[in-house]
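Take a look at the structure below.
Here, each number is a calculation from the coordinates, and none is a lab measurement. In this text the structure is predicted, and so the values were computed from the model without any measurement. For neighbour counting, all protein chains shown are included, and Cβ atoms are generated from backbone atoms with ideal geometry for every residue, glycine included.
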Amino acid sequence: MTNTLNQLVKAVEEWSIDKGLHNGNSFTQYAKSSEEMGEIAAALCRNDIDALRDGIGDVIVTLVILAQQNNMTLYECLEQAYGEIKDRKGVMSKDGSFIKEADLKE
């Protein structure tokens, strides 16, 4: 059976409650997110697609819990962020990152 994204987020939230993480320290959870981002960097450096997939998943888990600790949902956070970027204009830099129009030098 394939889980939907909503089912997986709910499972992570329930897991976090079972472990008591939902009442944990948000700064500690932020540090865990940062640690997992380091694993993504390592996977990219090694060109290890399986480790990259795992690292991205781990970051999402930590962010679901961080949102939960602050009485938010992943959906609310993503909806707010998308609302801010959906009409954003800018340019692609030489290194492949997007530079929003407001950050471009005149």
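Classify the stretch 7-64 as rounded, prolate or oblate, taking a ≥ b ≥ c as the square roots of the eigenvalues of its Cα gyration tensor: rounded when a/c is under 1.5, otherwise prolate if a/b is larger than b/c and oblate if not. Note, shape of the stretch 7-64 comes out oblate. Mean sequence separation of contacting Cα pairs (under 8 Å, at least six apart), scaled by the length of the stretch 5-103, corresponds to a relative contact order of 25 percent.
Take the Cα of residue 17, step 7 Å toward its Cβ, do the same at residue 35, and the gap between the two points is 2.5 nm.
Cβ crowding within 10 Å ranks 86, 19 as 86, 19, fewest other Cβ atoms first.
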